[in-house]
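The values are calculated or read from the model by the stated rules, or taken from the named source; none is laboratory data. The structure displayed is predicted, hence computed values, not measured ones. No Cβ is skipped: glycine too gets one built from the backbone with ideal geometry, and neighbour counts run over all protein chains shown.
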Amino acid sequence: MSPLLIALLGALLLPVFVGSWRMSLFGLALQGVILAAVAYPGLGPLRSAHAWLSLADLGLVRGVLVPLALYTVLRAQGAPARNDTIAPNLLSWTLTLGMVLAAFNLSNILVSDPGQEQTLVAIAVAGVLLGFLVLASAAGPFSHLFVATRNG
């Protein structure tokens, strides 16, 4: 398993377990930077405009500009420090970890060869399942904002 993909899973789980909008923004920024690092070797030599645009989108826009813009708006609005994306109880946390385990089991079925592709599928499925969990359990639009920017 690639350490970058496991770090991406950690960045996906960080906003779910830590109930602060600042940590949610930090997790969102981490996701953009880690995705840029994951995509960098596949882009080959950075001679094409496509490669530069992809890295700028992932690293700069999703990793820096969007979280910074959201931070500026939330700080100006005086958002409360605590923001739970899911209910802070043992049942929700168990459901979250169960979804991550189910995503890894599903990736074993979908991709037969173990390796980086299987891990990538597992983390993608875990991201979708976690997004559905947050959308289903969040009471207000604030948590939905992070799901929309994460999966968008």
From the options VAL16, VAL33, residue that is in a helix (DSSP H, G or I), out of contact with any strand residue (DSSP E or B) (no Cβ under 6 Å at 6 or more places or on another chain), modelled with pLDDT under 85 and hydrophobic (A, V, I, L, M, F, W, C)
VAL16
Among the listed residues ARG75, ARG62, identify the single one that is of a type in the set (D, E, K, R), within 26 Å of SER137 (Cα to Cα), part of a helix (DSSP H, G or I) and over 17 Å from the mean Cα position of the chain (by Cα).
ARG75
Being closer than 16 Å to LEU130 by Cα and touching a residue at least 12 places away in the same chain (Cβ under 8 Å) is the requirement here; does ALA36 meet it?
no
Can you name the residue in the stretch 57-78 that is closer than 22 Å to LEU12 by Cα and small (Gly, Ala, Ser) and is also surrounded by the fewest Cβ atoms within 10 Å (Cβ to Cβ) among such residues?
ALA69
Would you please name the residue that is nearest to the chain's Cα centre (by Cα), looking only at residues in the stretch 44-56 that are surrounded by fewer than 16 Cβ atoms within 10 Å (Cβ to Cβ) and in a helix (DSSP H, G or I)?
ALA56
Please state which one of LEU30, LEU12 is of a type outside the set (S, T, N, Q) and closer than 16 Å to VAL125 by Cβ.
LEU12
Can you list residue pairs whose Cβ atoms sit under 6 Å apart, with the first residue in the stretch 111-126 being within 15 Å of ILE6 (Cβ to Cβ) and surrounded by fewer than 18 Cβ atoms within 10 Å (Cβ to Cβ) and the second being at pLDDT below 90 and small (Gly, Ala, Ser)? Count only pairs 6 or more apart in sequence or on different chains.
GLN116/SER2
Mind checking whether some residue in the stretch 86-98 is modelled with pLDDT under 85, surrounded by 14 or more Cβ atoms within 10 Å (Cβ to Cβ) and more than 18 Å from PRO15 (Cα to Cα)?
no
Test: THR72 is more than 19 Å from LEU135 (Cα to Cα) and among the polar types (S, T, N, Q):
yes
